[in-house]
Every structure is written in structure tokens, then in C-alpha cells.
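Take a look at the structure below.
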Protein chains: 2
Amino acid sequence: MLTYALDQRGDLSLYEYLYRCIRDDILGGKIAEGEKMPSKRAFAKNLGVSTITVESAYAQLTAEGYLRAVPRSGYYAASIGSAGPVMRDPGAGEGTVPGTGQERRGESAGRTAQTAAAAAAAAPPAIDLASGRPGPELFPFALWARLMREVLSLRQEELMAGMPGIGALPLREALARYLLEYQGMRTDPDQIVIGAGTEYLYGMLILLLGQERLYALEDPGYRKISMVYGSHGIKTAYIPVREDGVDIGALRLSGADILHISPSHQFPTGVTTPIGRRRELLAWAQEKEERYIIEDDYDGEFRLSGRPIPSLWSIDRADRVIYMNTFTKSLASTIRISYMVLPAPLAARLRENLWFYACTVSAFEQYTLAAFIERGYFDKHINRMRNEYRQRRDVLLEALRRELPRNKVRVHNENAGLHFLLEVETQMSEEEMTRRAAAEGVRILGLSAYLHGYGAEPGSRVMVVNYSGLGDAQCREAAKALRRAWMPGE
Amino acid sequence: MLTYALDQRGDLSLYEYLYRCIRDDILGGKIAEGEKMPSKRAFAKNLGVSTITVESAYAQLTAEGYLRAVPRSGYYAASIGSAGPVMRDPGAGEGTVPGTGQERRGESAGRTAQTAAAAAAAAPPAIDLASGRPGPELFPFALWARLMREVLSLRQEELMAGMPGIGALPLREALARYLLEYQGMRTDPDQIVIGAGTEYLYGMLILLLGQERLYALEDPGYRKISMVYGSHGIKTAYIPVREDGVDIGALRLSGADILHISPSHQFPTGVTTPIGRRRELLAWAQEKEERYIIEDDYDGEFRLSGRPIPSLWSIDRADRVIYMNTFTKSLASTIRISYMVLPAPLAARLRENLWFYACTVSAFEQYTLAAFIERGYFDKHINRMRNEYRQRRDVLLEALRRELPRNKVRVHNENAGLHFLLEVETQMSEEEMTRRAAAEGVRILGLSAYLHGYGAEPGSRVMVVNYSGLGDAQCREAAKALRRAWMPGE
């Protein structure tokens, strides 16, 4: 079997080093086109590393087009053509894997796409369509600083007085009022749990709902969710996402009792689950004791046209839905405040079994955020961001229409959230499209990069476009680069 | 078997309700003195609640003197004498259990001790010697607000740029320099992991070191630690703490491979593990692959006289010690910033296996704390607090010496941390001492309340005195109340 001397990796992480070794062997021809790669498990065992390390390396190599994933078969070295190397990482920083928060929520330093050629000859600035970090210029620094100062001078006693494990009451009250007014959700502040990021809350839910249970996740989906469950040693099943939401037949077959979904705006497909399927899902949840749906509304505020979709939580009459949302998209990814709304019986169970966990968010920021919401600033801020993002999206769509031939391109699900799908009629594979875009300075991934299975359905060429961090000039530049990459003859 | 209709508990939590039912039945004579209580497991099964609920209720009742724990036998209804009820909780707030952060680190609203008699007749203000919340008046609000403002106006780009999962580099660098200068610990910023509180870091260590392993904890010890492990379904063993630290024979017999201890200042005994035992512990850790010691230095800054004790981490030559510390004691319990220093190989494993976890602490507070440390304010603040606490301790010790007969009282381990032990020569049991103190308006617990086993060694009368939240007047009042409670004839 293929093997590498991992002790020669110097400062690199195992994942990073393995990724480089395989990439270099493909580029150097030591691994030939079409050659089958070892299975993840066997390779991991052989190298003495964890399966997740090999999986991460394979996922990255697949996303960059070095490997091809074949459903129910495995990974194969892809055709790399004569263009040579494609993406080079600029250093030994933290690795990125498609579909993790580093792309979707922009929570890490990330790594910019750079071609070897470009690096050699004064690279054009890389444009990142694979990462959904909100624009930092939109954060209301002055206002936040003013509110923080106010809190620090006027509420000293409350700030020091200790705090319930589920979070400061003023913030939970502000959220309850906000959820009622803007989402029609009638909650009690005691059902709301504040935590430092959604991953932390996922972990808390695992402790609350049980570590021995089978959790169903969306496929394609947000990879970080599956990694968090994996790190807790949780058994998971992947349920295909169709045009009308998760496949309920597959869900039943899986035997799972807990379903983790994003019905308002699925990532990465952008699918909004219609009301019929929502009712079916609620009915599924009620069929058995202790079945629950985790409704992850990670970018629910960013529906850019039409009315907001009522949450599953708000139409659940049987206490089976846990609603989850975060301020990492709507405020800043480096402010770690998320929350969940539990059905009343689960809130009681949390008080009973996990009451000794202190809240993970600083009281200072909870009080500041409470004031920010209470005084209407949050609503104004969201409106401002929505307008700004709508404008960015329109500039990008307009540029794509101008640059790419209309009969070869279709845009899907552009009205919710901060990404849309771009379907392209081409003979290239998604991997090749990613690779050629990278050679033109644009980082973009296809739907298949977010699949937990072995690859995309044959024939589909659907790319995921995240635009929230782009300026107007970058939008136009991106469209031009994609034309050069994908339509060289046009 | 004893049973209660838990569906009639209204707004109360199961634990709270169960606690009240049993208490009322003891007060009302329905449970007679000396009657044996059902085992925790059987009782939980019978009531349909979790064992931890019964355990929490028993622990609280034992701490308050309603139950007596008998080693290797079980719980018995205690003699409640003719004094009648002892402590009454003022409402249906969050429950408290002895030895949790609510006492030691003051992380929750807590519940003030109040006697029925006192409640009836204009109660004197309750004095809490069972809780170690730092004095809120010591937090440097103005300085913190200034630094926060500066960070928010000058470092906007960095604040928004994303952050490694282990925390913002400036804070990790500041900590590395601080640890070198004040603790002689030579660390690399990449070995430091920032997290929102020590419980969060315990959870992360469980994911890193393995969920299937046996963790050894100190007995008596900080109850919250055992609860956190319990909530993750982790197997634990309890190791007795002797005058020279954990019993190494018992540790070997337990078969545990991970040891969680506080060698600088054990809670609640106050024991400082001497160098000989430290070396033995390190030797134990090196005997086998993947053995680790978690060194929980929760109040290491508060050694009030003598030189600081070198950490276990700093004398470990084999990468087997994980050092952990927190700012909840040294700054404020409602700022959720803790950190751990990993041996380099474990830091690499964290990068490898858990890199997708975003840091749980807000970037704003990390940068503010970095500036606070870098510019020397943290060191000054700690000195100020140390002086303040030393003075509070001296006032309290002086008052105790004045009020209590010298030949009947001895003070132990008063030079480190924010609590000391008070050994009293008396015929009363610790439970009775707690109860009588409560009747005089003072909340105080004996060592046995922190035991994970079934009770204190027979004959010991050692009370744990936390003084960090007390003013001078309260210190004097506490001493007088304890004389009335414990030495009624004197």
C-alpha cells in the first residue's frame, strides 16, 4: 500500500502533510491517473493516523480536483491534464476542508487559493467564493463600543452577581421578545439557552439527548456538523436532500431518532423545505417517544426577498423541535454568541441534569447584546446587512449574466441566505471547474465537495457561490475569471 | 419504598422538589431519626428520575444536616433535635450542591442561607462562608472599559479576521510571556488553548484524551468536576487526598490512566502536594503510554505568603502534564476565560483531530485581556487582590481567635488560595455544626460535604471557610455567630 514517512513532516499537521504528499505524487506522476486510492480506514491504519486525518486529506484533494470520488467504490486519482499544479497553499497554517465553518461561516484564518503560475508571476488577488464570512466593514463598532461602555459603567453589580447556566436573563428576555415579533415564536425566556457558538450547543444537546442515539444529518451538508458529532463518537446517518427537503423515506429507513436539519435554507443546496414536508417531519417526530428535530436556522435572518419562513419550532405542537440560531452570521463570527430554544420539557431536563454547567458567554457581552436588541439596533443592523448583501448579490448576478453565456448557466435559490447555486452546462467535471477557477484566482467549490457520500450525481455541474464577503469590483472580477476558466472558447 | 408525586412539583425542578419533600418529611417526623433512606439508584428508579437528581438532593440534605452519610452503608435521617428547621431556600431558583462552582467559584445565583426563625423575625443578613465568589468591588471596570474601547477602535480588522480554534494569538503570546515570568513555565503560544471556562476545557480534554478511559478524581474534591465527567458518561475513580496529596497506592489500585488534581492548593483540603509526591506522580504518569495528569491550578495566583509553588507542568520532562488555569477567580466569574497548556504532542493531536472547533471566547475580550496582561495591569491587579484577600483573611482569623476558645480551634492551610480549614473540638457532628451555624445566619460546610464517598472520617470536625467575598464587618459578625452556634455554653 501507498505509504509516507510522516515523521518527516516538520511543523506541518498530519493532515496537511498527507495532503501534500499525495498531491505531489499525483503531480509528479507517481500516482497515475485513474489509480485507485487505498480505503480511508486501511490507509489510516497503515499510516498510524486517525481516519479523520485521511478523510480530511481526501476531501481537500477531491475539492481541489486531484482525486475523484466514485459512489460506492472509492477515491481515484483524477485527470490533471497538462495544466500542472492547481492550488498552492501559502504556508503551513491551519488546514481547510470543504464545507466547514471556515468556508461557510468564515471562522478561521482560511487559506487563499493561489495557482502556481500566479504565485510565480505576481498573483492576482484571490477571490474566495467558497467562504461565507460576513463583511467586517458592516459591524457597528462605534455603537457596540458605546453600549459596552454603558453596560460596564451602569450595570456593574448585575455583571458580577453570577448568572444562570442558560445565560443572563435580560438577553433571554430580549431574545424572547425578538423571536415573538420577528419570527412569531412564542417562547419563555427559561426555554432559551445561550452558548458560545453553535458547536458548543451541539455538544450540549448531545449530553442532553443522549450519546448512544443515532443522529441523522443532511447530505450534502455542512461538514462541520458531522465533524462535531464524529468527535463525540456519535453514530450518524446521512439523509439525501431533495428539492423538497430531506428524503423522508431515507430518514425512516435510517432508524435515526434525532434529525439535524436547516429547513429554512439548507447549506449548501439552498433548499427551503416546503410546508408539506415540514408537516411530514413533525409527524415523523411524534411517532415515537424521544424523537427530536434540531432546526439549525444559521442564516434565517437573510431571506433577501419574500416573507420569512415560519420556523418548524413555531408549528410544532408536540415539543419535538429544538430551534437554534447564531449571531456569528448576523453580527460577527468572532463574537461567540449563539442560542437555542428548547421545548419546555427539554428545558426542564437541562435544568435537572446539566444545571452545573456555567454559561460560556461573558456577562459583559450578553448585557451589551441585550441592549443592542432591546433598543432596536439589531433589527436595523439586519436590515442594513440585508440591503447590502442583496446589492452584492445583484452585482455578482449581473456580472455573471454579462460574462457567461445565458443558455449555459442557471442560477438557483438566490433569494435566501448568503450563497446561491450556479448550474453550468459543460463537459468539465466539478473538480475540473474548481481547479480551473483556482488557476484564474477564484476559489469555488461544487456541490459534490459537500457530500458525505462518495461524490456528486453523475452529470450535475453545480457550483456553490458564497458572496457575502465580496466588494463590487471583486464581483465583476470573479465573473470574468470564471468565464476564462470555464468557457475558454467563448 | 418512600415515594413522592413528582408531577405536583409545579415550577420546581425535580431535584429541588425532591429535596423539599424529604426535608419536610424529616421535619414533620414522617421519616424518623435513624431511618435508612433508599439507595440512590433504587430510589431514582422508583421515582423515574436520574440518579444524579437523587444524589444532588441527598448531598444537599446531608450538607444541611437532615441526612447523615455512613461509609459503606448509606444515608440515614439525622437527629434534627428540637431546634426545628434549619435552612430555608428563599425561592425556586437554581439549586446548589456543596462543592460545586456555585460555592467555590461563585458562578451561579446561589441561594442564601436563611433560617425559618430568622425569616420569621427580620432575618440578619446571611453570611456565606460556603461560597468563594471574588468580591465584585475589586474588578477594574474603568480600566477594562478603556482597554475594550481601545481594542474596538484600533484593532477592528484583526477582530474580524477570524481566529484559530485555540484562541487569538496576541492573548496566547501574552499568556506565554506571563507564564514564563511569573511561573517559570516555558511554553509555546501554540501549546496554549483558550476556552470559555474550565468546564468547557474539561469537555474538550475528554474528546482529546478519550471517552473510554478511566479518570481519577480527588476525594474530597470539587463536586462540579465529577459532575462534568458524569454528564459525559465518563468512568471515574475517587482517590483519597492525604496530607501529602493524592494517595498514590490508591491511584495505582484504581487502574485509572488520567489523573485530575489540584496539586498547588487542593479544594477543599487546601493541601499543597510536596515535591516528593509530585515526582512520584510524574513517575506514575511515565510508566505507561497515554497516561496524563490534568493539573487544575484554579487559584494558583492566590498564594498569600511564601513563594509560588512550581507547577507540575514545569517539572514534567515527559509531556504528560496538562496545565489548566482560569480568570474566573482572578478577574470575575462572569468573564468566561480559561486556558490550558498542553504538552507539544497533545497540542499537535488537538490541531489534528479537533481543529474544526471554533474558539468559544469572543475575540473582543481576548484582545482586551491580552492588552491587560501585556501592559502589566494583570500583575498589579493580582497583587491588589492578594493584599485585599490577605487583609480579609487576617480580620476573620483575628475575630475567630477572639470569639472562639483557642484550645478548641485550630486553623489549617491558610496561606494559599481563598479558603482555609477550621478544625473544632466539639461533640457535634459536622452536619450539626452546619445546621447550627445556619440558624445563626452563617452558611458553612464541613469537609464531609465535599466527599464523594459516604461521609467524613469519624471524629473529624473540620469546616471549610471561604472568605473572599466578605467585608470586615461580616468577618466579625461571622465569628460571633459561629461562637453562638458552636460554643453555646462558652
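Details
- With the whole protein complex present, A:VAL462 retains an accessible surface near 20 Å², based on a 1.4 Å probe.
- Residue-normalised accessible area of the protein assembly as shown, given per residue in Å² at a 1.4 Å probe: 37
- Among beta bridges from DSSP that stay inside the protein assembly as shown, the antiparallel ones total about 60%.
- Remark: label point of B:LYS480 defined 7 Å out from Cα along the Cα-Cβ vector; separations to the same position in other copies 8.4 nm, ascending.
- Protein accessible surface hidden between B and A, which excludes ligands and nucleic acids, total in Å², probe 1.4 Å: 5400
- Shielding by partners - mean other protein chain Cβ count within 10 Å, residues of A:345-354: 4
- Distance between region A:210-271 and region A:335-361 - C-alpha centres, whole angstrom: 22
- The contact residues of region A:179-225, meaning those that lose at least 20 Å² of 1.4 Å-probe accessible area when all protein chains sit together rather than their chain alone, are A:ALA196, A:GLU199, A:TYR200, A:LEU207, A:GLN211, A:LYS224.
- Modelled spin-label separation between A:ARG149 and B:ARG213, with each label point placed 7 Å from Cα along the Cα-to-Cβ direction: 4.9 nm.
- Region B:139-376 - Rg over Rh from alpha carbon coordinates, Kirkwood radius: 0.97
- Built amide H within the under 5 Å cut-off of B:ASP128, gap 5+: B:ARG443
- Restricting region B:1-55 to trypsin sites (Lys or Arg not before Pro) in coil, as DSSP defines it, with at most 13 other Cβ within 10 Å: B:LYS30
- Only beta bridges with both residues in region A:139-376 are counted; by DSSP, about 35 percent of them are antiparallel.
- Averaged over the residues of B:149-157, the number of partner chain Cβ atoms lying within 10 Å of the residue Cβ comes to 3.
- For region B:16-30, putting each phi into the Karplus relation 6.51 cos²θ - 1.76 cosθ + 1.60 with θ = phi - 60° gives couplings of 4, 5, 4, 3, 5, 4, 5, 4, 5, 5, 6, 4, x, x, 5 Hz, in residue order, rounded to whole numbers and with x for Gly and Pro.
- What a 1.4 Å probe finds exposed on the protein assembly as shown is 48% carbon and sulfur by accessible area, rounded to a whole percent.
- For region A:17-53, residues shielded by at least 30 square angstrom of accessible area compared with the chain on its own, probe 1.4 Å: A:ILE52
- Amide H contacts under 5 Å for B:ILE239, placed H, 5+ residues apart: B:LEU217, B:GLU218, B:ASP219
- Inter-label distance, nm, simple model (7 Å from Cα along the C-beta direction), A:GLU280/A:ARG390: 3.3
- Degrees between helix B:275-286 axis and first principal axis of chain B (Cα, 0 to 90, nearest 10): 70
- Loop GluC sites (Glu not before Pro), region A:239-312, which have at most 15 other Cβ atoms in a 10 Å radius of their Cβ (DSSP): A:GLU243, A:GLU287, A:GLU289, A:GLU290
- Diffusion constant of region A:296-370 at 20 °C, which comes from Stokes-Einstein with the Kirkwood Cα-pair radius and 1.002 mPa s, µm²/s: 149
- Rounded to whole Hz, the Karplus (6.51, -1.76, 1.60) HN-Hα couplings of region A:343-348, x for glycine and proline: x, 3, x, 6, 4, 5
- Translational diffusion coefficient (Stokes-Einstein; Kirkwood radius from C-alpha pairs) of region B:1-45 at 37 °C, 0.692 mPa s, in µm²/s: 290
- Gyration tensor verdict on region A:6-77 (Cα atoms; rounded if a/c is under 1.5, prolate if a/b is larger than b/c, oblate otherwise): oblate
- In region B:148-236, the trypsin sites (Lys or Arg not before Pro) that fall in loop regions by DSSP, at most 14 other Cβ within 10 Å: B:ARG186
The values are calculated or read from the model by the stated rules, or taken from the named source; none is laboratory data. The structure displayed is predicted, hence computed values, not measured ones. All Cβ positions, even for glycine, are placed from backbone atoms using ideal geometry, and neighbour counts span all protein chains on display. In case anyone asks, the SASA skips ligands and DNA or RNA and just uses the protein heavy atoms, side chains included. Shrake-Rupley method; radii C 1.70, N 1.55, O 1.52, S 1.80 Å.
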